[in-house]
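Below is one structure, written out as C-alpha cells; comments come after it.
The values are calculated or read from the model by the stated rules, or taken from the named source; none is laboratory data. Keep in mind that what you see is a predicted model, and the values were worked out from it rather than measured. For neighbour counting, all protein chains shown are included, and Cβ atoms are generated from backbone atoms with ideal geometry for every residue, glycine included. Ligands, DNA and RNA are excluded from the accessible area calculation, which covers all protein heavy atoms including side chains. Shrake-Rupley method; radii C 1.70, N 1.55, O 1.52, S 1.80 Å.
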Amino acid sequence: MRTYRTVLSIAGSDSIGGAGIQADLKTFSALGVYGMTAITALTAQNTQSVLHIMPASEQNLQLQLDAVFTDVVPDAVKIGMLHNEALIEVVINAIDRYRPRNIVLDPVMISTSGCALLSPTSVDLLKNELIPRCNIVTPNLLEAQALAGHKITDIRSLYAAGEELTKLCAAVLIKGGHSEGNDVSDYLFEVGKECAECYTIRRVDTVNTHGTGCTLSSAIAANLALGYDMHKSVARAKDYISKAISEGADVAFGLNNGPVNHLFAPEPLHKFEKI
C-alpha cells in the first residue's frame, strides 16, 4: 500500500477564491500533496475588500479538527486566519492534544486590501501562546512590526525584528512585499544561524497579489510535508510563489487585486510507501 503526503489548512474561506482555504487547496494540489481543511470563518470578500466575516463557533472548529486528526494524521499543518481569541484557543488546545509536526503559521492580521482580519485583543495570545508552538511563522512587514513591537524602517530594524521573533519561534520568514523599490526581499531567520537567508526577486508589475501570503505559507507546509528541511522548503516555496505571480500577472480578474496563477504547472499527487 502507498499513501499521500497530507497537509491540513486551518484558515478562513475566501469567496473570491484567491486566498484562504481556497488558495491553500490550490497550492497543495499544484505541489502534489493532499489538502484537508478546518474552516475558521466564512468571509464575504472580493478583489476590492472584505465585506463581512462570520467566524466559526469554537465547537464547530473543534469538531473539524477532531475529525481530521482522529482519522488522517497530517504531515504538516498550515494555520491562517483565526480572527478571535476563542478560535486561537481551540487551535492551541488541538496542537497540544494531537502534537502535529511541521506547523506553519501565517499570522493573518491584515488583508491585501487593507482590512483587519484579526481582532486587536487576539494579538498577544497569538504571539505568546500560538507562535511558540509552531515551526515557522511568516509575517509580512506590517505584521512583523506588530509582533516585534517596533517599526521596521531599514535593514537594521528588520534584523532586530527577526532576532526578536526567533525568541518565540525556531524560524521566522519576514516577507518584504510591502516594501518599496524594484526588488522584493524576504528574510529567513533561524535559531542557531548567525545570518539570515535573503531571497530576492525582481518585483513583478501587477495588481494580482491577492492571497500571496496564504499561498507562500501553504507552499512551505507542502514542501515540509514532502520531507524537505526548512531551508529547502522555504526556497522551493519562494520559487513557486514567484512563478505563480509572474504567470498570473497579465490576467484581468475583478476590479482590483486579482489572484496569482496557482495552477501554472501542477504536479501529480505524490505517492509514498506507507510506513
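What to note about this one:
- In the set 258, 192, 211, only one residue is within 18 Å of residue 139 (Cβ to Cβ) and among the small types (Gly, Ala, Ser); that residue is 211.
- Residue in segment 170-188 that is of a type in the set (Val, Ile, Thr) and farther than 28 Å from residue 127 by Cα present: no
- Enumeration of residues in segment 140-156 that are open to solvent by 20 Å² or more (accessible area, probe 1.4 Å) and assigned to a helix (DSSP H, G or I): 141, 142, 145, 146, 155, 156
- Exclusive hit being at pLDDT 95 or above and more than 30 Å from residue 195 (Cβ to Cβ), set 137, 91, 73: 91
- For residue 194, the conditions (1) modelled with pLDDT of 95 or more; (2) over 22 Å from residue 28 (Cα atoms) are fulfilled apart from (1).
- Any hit, segment 121-135, residues being in a strand (DSSP E or B), aliphatic (A, V, I, L, M) and within 17 Å of the chain's Cα centre (by Cα): no
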